[in-house]
Structure formats: C-alpha cells, structure tokens
1. Test residue 94 against the stated conditions and say whether it is at positive phi and modelled with pLDDT of 95 or more.
2. What's the number of the condition residue 115 fails, among (1) farther than 21 Å from residue 58 by Cα; (2) touching a helix residue (DSSP H, G or I) at 6+ places or on another chain (Cβ under 9 Å); (3) not in a loop (DSSP other than H, G, I, E, B)?
3. Which residue out of 140, 104 is exposed (fewer than 14 other Cβ atoms within 10 Å of the Cβ) and either under 24 Å from residue 28 (Cα atoms) or touching a strand residue (DSSP E or B) at 6+ places or on another chain (Cβ under 6 Å) (or both)?
4. Does residue 57 fit the bill of being within 11 Å of the chain's Cα centre (by Cα), in contact (Cβ under 8 Å) with a residue 24 or more places away in the chain and either more than 13 Å from residue 127 (Cβ to Cβ) or surrounded by 15 or more Cβ atoms within 10 Å (Cβ to Cβ) (or both)?
5. Are there any pairs, at least 6 apart or on different chains, whose C-beta atoms fall under 8 Å, with the first in segment 18-47 and at negative phi and touching a residue at least 24 places away in the same chain (Cβ under 8 Å) and the second surrounded by 11 or more Cβ atoms within 10 Å (Cβ to Cβ) and not in a helix (DSSP H, G or I), and if so, which?
6. Within segment 111-126, how many residues turn out to be in contact with a strand residue (DSSP E or B) (Cβ under 8 Å, 6 or more places away or on another chain) and within 14 Å of residue 54 (Cβ to Cβ)?
7. Is it the case that residue 87 is in contact with a helix residue (DSSP H, G or I) (Cβ under 7 Å, 6 or more places away or on another chain) and over 20 Å from residue 126 (Cβ atoms)?
8. Only residues in segment 131-154 that are farther than 24 Å from residue 42 by Cα count as the first member; pair them with residues that are surrounded by 11 or more Cβ atoms within 10 Å (Cβ to Cβ) and at pLDDT below 95, Cβ under 7 angstrom, at least 6 apart or cross-chain, and list the lot.
C-alpha cells in the first residue's frame, strides 16, 4: 500500500481492532462447531457434505436441461475444480447425467437424474434436522436475519 493510501485510511483504534478480532473468532467458532457439524451429518448420511448438497440444490433450481459445470462453479461457494470433481463423482453415482446442450451442441451440461432428485430430497431431510440441532434451536429469527445480513455485507452470493 502506498504512503498516500495509508494516510487516507483512518487509523484503526484499539476498540475497533478488538471488536473485529472478536467477530472473526466468532466466525471461526461458527465454522468449527456449526458448519462442520452439519457438513459431517450430511457426509455420514449421504457420503457427501454441504458442497455436494449445494451443487445438487442449485442445479435443481435451474432449467431442467441442466447447466454447464463452468456456470455451476459461478453459483456455488466452492472452487471450480471442486465443482468439476463433484459433478464427475455424482455422474458416477447416478445422481447427475451429462447431456449436450439443445442450444449449443458444443456445450455439455449436467442435470439431475431421478436418482439425483431422490437423493436431494433425502439430503434436505438430513440438512433440516442438522440445521434444527446446530443452528435453529440456538438462534431466534432476528439473529438468523442478522447472520444472513452479515453474510450479504461480506459478499456471500445467494443470501
């Protein structure tokens, strides 16, 4: 950072630094004790975690023809390479199938199979129970809305 940019930036006072650190540690706690617990619940029940659920869930809300892996990668939280690996794994499991785009024969799409729809419904039941235990039973509606607002403010997509 240039000296001019540093001079324009307001100094971080001790109270703001402490508040920021506490907020960051709070996020780390949520990741370690809430997100990880929900991810493990899905993994034990369905041999895929939140990333797999997110991929299937987002795909289910898209056009029935499916979507390219590249487009899916723009819609989810995980990296494009992770999306590609999950798509390959889910094709092998029979949850997704590959198809040629009806609009551009050069483009390959992935879409949910009937088995994928069934698996997604089962995963939603598992996710609902895990959310209830690890999040919903502990926060009221105002707190949930605040958490979503924080995520939006920090740039989380699709909140």
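1. Numbers: at positive phi: yes; modelled with pLDDT of 95 or more: yes.
It is true that residue 94 is at positive phi and modelled with pLDDT of 95 or more.
2. For residue 115, the exception is condition (1).
3. Details: 104 fails: either under 24 Å from residue 28 (Cα atoms) or touching a strand residue (DSSP E or B) at 6+ places or on another chain (Cβ under 6 Å) (or both).
It is 140.
4. Working: within 11 Å of the chain's Cα centre (by Cα): yes; in contact (Cβ under 8 Å) with a residue 24 or more places away in the chain: yes; either more than 13 Å from residue 127 (Cβ to Cβ) or surrounded by 15 or more Cβ atoms within 10 Å (Cβ to Cβ) (or both): yes.
Answer is yes for this residue.
5. That search, which allows pairs on different chains as well, returns 42/48; 42/49.
6. First pass over segment 111-126, keeping only residues in contact with a strand residue (DSSP E or B) (Cβ under 8 Å, 6 or more places away or on another chain): 111-113, 116, 120.
Those left that are additionally within 14 Å of residue 54 (Cβ to Cβ): 112, 116, 120.
Going through segment 111-126 one residue at a time, the tally reaches 3.
7. Numbers: in contact with a helix residue (DSSP H, G or I) (Cβ under 7 Å, 6 or more places away or on another chain): yes; over 20 Å from residue 126 (Cβ atoms): yes.
In short, yes.
8. Pairs that qualify, where the first residue is farther than 24 Å from residue 42 by Cα and the partner is surrounded by 11 or more Cβ atoms within 10 Å (Cβ to Cβ) and at pLDDT below 95, are 152/159.
The values are calculated or read from the model by the stated rules, or taken from the named source; none is laboratory data. Remember, it's a predicted structure, so these values are computed and weren't measured experimentally. Positions of Cβ are generated from backbone atoms using ideal geometry, with glycine treated the same way; all protein chains shown enter the neighbour counts.
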